[in-house]
1. What residue, of A76, A93, A100, A107, is crowded, with 21+ Cβ neighbours inside 10 Å and touching a residue at least 12 places away in the same chain (Cβ under 8 Å)?
2. For the stretch 276-299, name all the residues that are in a loop (DSSP other than H, G, I, E, B) and buried (at least 17 other Cβ atoms within 10 Å of the Cβ).
3. Scan the stretch 361-375 and tell me whether some residue there is small (G, A, S), under 34 Å from the mean Cα position of the chain (by Cα) and modelled with pLDDT under 90.
4. Which one of these does R273 not meet: (1) assigned to a helix (DSSP H, G or I); (2) surrounded by 12 or more Cβ atoms within 10 Å (Cβ to Cβ)?
5. I need the full set of residues from the stretch 390-422 which are assigned to a strand (DSSP E or B), more than 16 Å from R379 (Cα to Cα) and touching a residue at least 12 places away in the same chain (Cβ under 8 Å), in order please.
6. Out of the residues in the stretch 60-73 that are surrounded by fewer than 20 Cβ atoms within 10 Å (Cβ to Cβ) and at pLDDT below 85, which is nearest to L26 (Cα to Cα)?
7. Do we find that E222 is over 20 Å from the mean Cα position of the chain (by Cα), over 20 Å from R267 (Cβ atoms) and surrounded by 15 or more Cβ atoms within 10 Å (Cβ to Cβ) in this structure?
8. Of all the residues that make up the stretch 181-196, how many are more than 25 Å from the chain's Cα centre (by Cα), outside any loop (DSSP other than H, G, I, E, B) and either more than 18 Å from N243 (Cα to Cα) or in contact (Cβ under 8 Å) with a residue 60 or more places away in the chain (or both)?
Amino acid sequence: MASDPGGGPEQGGPHAELIEEWVAALGSGARDHVVPMSRDEAIALLAWLARRIDTAARTGESAEMVAELGAELARAHFVGDEVLGRSISVLDAHFARADAIPAARAAELLGAFTTGYVRAFRQWLLAEQESVRAAEMTARLHMREQLRASEARFRAVFAQAGIGTGLSDMTGRIIEVNAAFAHMLGYSPAEMCALEVTDLDHPDDDPGMWPLYASVLRGDVENVQLEKAYPHRDGRTVWTNINVSLIRDDRGDPRYTLILVEDISERRALRERLHYRAHHDQLTGLANRTRFFDALTAAFTDPDSRIGLCYVDLDHFKVVNDTFGHAVGDELLVQAAARLNSCADGFGQLVARIGGDEFVVLVPNSTADVDDIARCVRRAFTHPFEVHGHRLTVTASVGIAEEYAAHTTADDLLQAADYSMYWAKAAGERRRTDTAAG
């Protein structure tokens with residue numbers, strides 16, 4: 001190991017639970033297939049890593065330092081089945097319990113730890129492959145037994161590593177995969193070896209991915225790292241981080257590509273959920289204030305663009321809440337949001353909830369669209385709402401504003417739409433008062 005981890009695990013203290021869970025997780029599976037490590041040495045290493053990672057998360061140390069800790073775990077030859085996956089699960093659970101560690105920071109550190117581990121594992125694996133080739137070249141006869149042993153180690157790691165691993169030739173034919181890679185996609189190793197690399201493309205792949213892979217095949221670059229979607233045999237999508245490395249023959253010509261594959265489907269799903277929650281209203285599913293203002297700012301980047309806003313406020317919504325309760329009020333807002341969304345189906349149009357019962361529709365590059373949307377909204381609210389057995393008639397006050405981006409600002413345009421809405425609300429109140437008096 002590159003560092004001395006120090007003593008055994010702490011008895012109590014802020015890291016004790018993390019250390020205990022990590023030791024238990026790695027102790028329940030295959031631990032070390034290359035260099036034996038005693039239990040005390042393993043506990044000391046994990047205790048040191050746990051302290052460093054927790055301190056980094058709380059003090060804002062660089063993610064690259066955490067990546068180096070992941071590399072330390074791999075360099076200590078913790079390369080058995082599921083070592084990385086179990087470690088990430090333990091660290092993720094620890095971060096989730098720690099209120100002082102934001103979710104974004106936790107995700108960043110988990111990604112860095114994984115990257116460092118995979119990077120060190122790849123270097124070790126390539127070094128092993130290089131030693132096999134060197135042994136064959138320099139000591140074909142004398143070192144035959146040593147060569148066999150080295151190949152056996154390589155095969156053991158290849159077959160048993162929790163990270164998906166595969167070899168393909170320069171035509172794209174898959175030569176060999178380990179059980180982890182095959183299982184990840186729902187195949188047996190033999191079935192995957194009947195496929196071509198291009199058989200595993202996916203509609204969600206980045207368009208630049210295959211040109212990068214081609215550059216490796218040509219020998220222009222030695223390795224690439226990227227995110228790729230794989231089609232699972234059952235039809236679902238498996239998102240992965242992959243490292244593709246070039247293996248050359250004795251003359252330096254490209255011979256094989258080695259791929260290391262890590263399943264990040266759960267982490268990606270978590271990232272997408274967090275992104276969705278950060279940009280959408282949790283009750284109605286509409287865009288929230290953050291997403292609306294981002295879109296409004298983007299619309300103002302083109303000074304020649306004519307931008308329209310439609311500001312909508314539900315009339316007497318507080319009476320609904322006070323009379324029927326918040327559950328009815330919330331359901332009314334959900335149904336109102338659906339009606340508003342149906343009125344804004346043009347390209348780039350965005351409906352957002354920016355207050356309790358206040359909504360706004362953004363119409364970039366508007367012409368007469370804002371007037372059309374306002375009329376659609378008024379018509380939509382002429383029909384009663386059926387909410388939890390109650391038939392509710394709720395109207396909406398609508399204000400509009402539109403102007404060229406070069407002639408106003410985002411704040412001024414929004415304020416103009418807001419004023420227009422309040423004038424519409426006041427006019428509606430006067431009409432209702434005159435009707436009641438008559």
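1. Working: A93 fails: crowded, with 21+ Cβ neighbours inside 10 Å; A100 fails: crowded, with 21+ Cβ neighbours inside 10 Å; A107 fails: crowded, with 21+ Cβ neighbours inside 10 Å.
Step by step, each of A76, A93, A100, A107 is checked, and only A76 is crowded, with 21+ Cβ neighbours inside 10 Å and touching a residue at least 12 places away in the same chain (Cβ under 8 Å).
2. To start, the set of residues in the stretch 276-299 that are in a loop (DSSP other than H, G, I, E, B) comprises 281-286, 288.
Result: D281, T284, L286, N288.
3. As a first pass, look at the stretch 361-375 and keep what is small (G, A, S): 366, 368, 374.
Filter once more, so that each one left must be under 34 Å from the mean Cα position of the chain (by Cα): 366.
Narrowing the set further to residues that are modelled with pLDDT under 90 leaves 366.
Checked the stretch 361-375: at least one residue is small (G, A, S), under 34 Å from the mean Cα position of the chain (by Cα) and modelled with pLDDT under 90.
4. (2)
5. Of all residues in the stretch 390-422, those assigned to a strand (DSSP E or B) come to 390-392, 396-404.
Next, from what is left, pick out any that are more than 16 Å from R379 (Cα to Cα): 390-391, 401-404.
Hits for the stretch 390-422 are H390, A401, E402, E403, Y404.
6. Here is the first cut: in the stretch 60-73, the residues surrounded by fewer than 20 Cβ atoms within 10 Å (Cβ to Cβ) are 60-65, 68.
Remaining after also requiring at pLDDT below 85: 60-63.
Values: G60: 27, E61: 26, S62: 26, A63: 23 Å.
Restricting to residues being surrounded by fewer than 20 Cβ atoms within 10 Å (Cβ to Cβ) and at pLDDT below 85, the top hit is A63.
7. Details: over 20 Å from the mean Cα position of the chain (by Cα): yes; over 20 Å from R267 (Cβ atoms): yes; surrounded by 15 or more Cβ atoms within 10 Å (Cβ to Cβ): no.
When the stated conditions are applied, E222 does not pass them.
8. Our first condition is that a residue be more than 25 Å from the chain's Cα centre (by Cα); within the stretch 181-196, this holds for 187-196.
Narrowing further to those that are outside any loop (DSSP other than H, G, I, E, B): 189-192, 196.
With the extra rule that they be either more than 18 Å from N243 (Cα to Cα) or in contact (Cβ under 8 Å) with a residue 60 or more places away in the chain (or both), the set shrinks to 189-192.
Total meeting the criteria: 4.
The values are calculated or read from the model by the stated rules, or taken from the named source; none is laboratory data. A quick note: this is a predicted structure, and the numbers were derived from the prediction, not measured. Quick reminder, even Gly has a Cβ in these numbers, built from the backbone with ideal geometry, and neighbours come from all protein chains shown.
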